[in-house]
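The values are calculated or read from the model by the stated rules, or taken from the named source; none is laboratory data. Keep in mind that this is a model prediction, so the values were computed, not measured. As a convention, Cβ positions derive from the backbone with ideal geometry for all residues, glycine included, and neighbour counts pool all protein chains shown. To get the accessible areas, we keep the full protein, side chains included, count just its heavy atoms, and leave off ligands, DNA and RNA. Shrake-Rupley method; radii C 1.70, N 1.55, O 1.52, S 1.80 Å.
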Amino acid sequence: MDWVIAEWSHLQDAANGATPLVTDVDAPALNWIRQSRPQVQVIPMVQNLIDEKWDSELLARTLGDEVGREKLISALTAFVESNKFAGICVDS
């Protein structure tokens, strides 16, 4: 099986009710893959880079709190399901 891992999402501070996940799917690229190579599974990568720097404190805050963890899981699940991705790759 062939697959593509695409860098289309990253964590953000979920303060003030914001979602912990920011997504930026390249729709033309996704459509091209699905039309020209339907056998290829697309898996988005979630990363934790802010301005090319790893933000370990953001990750700790997000995962260290049960409410934050649940929000992230819900956001990841919705992202994968709504785009019919094959799964998710977490860049840790």
Cα gyration tensor category, rounded, prolate or oblate, for segment 44-92 with a/c compared to 1.5: oblate
The chain - mean residue ellipticity at 222 nm from DSSP helices (-39,500 (n - 2.57) per run, n ≥ 4, rounded to 500): -12500 deg cm²/dmol
Burial order of peptide ranges 11-18, 32-39 (average beta-carbon count within 10 Å, highest first): 11-18, 32-39
L21 accessible area, assembled protein chains, probe 1.4 Å, Å²: 10
Kyte-Doolittle at least 0.0, axis length at least 15 Å by Cα - qualifying DSSP helices, the chain: 66-83
Rounded accessible area per residue of the chain, 1.4 Å, Å²: 66
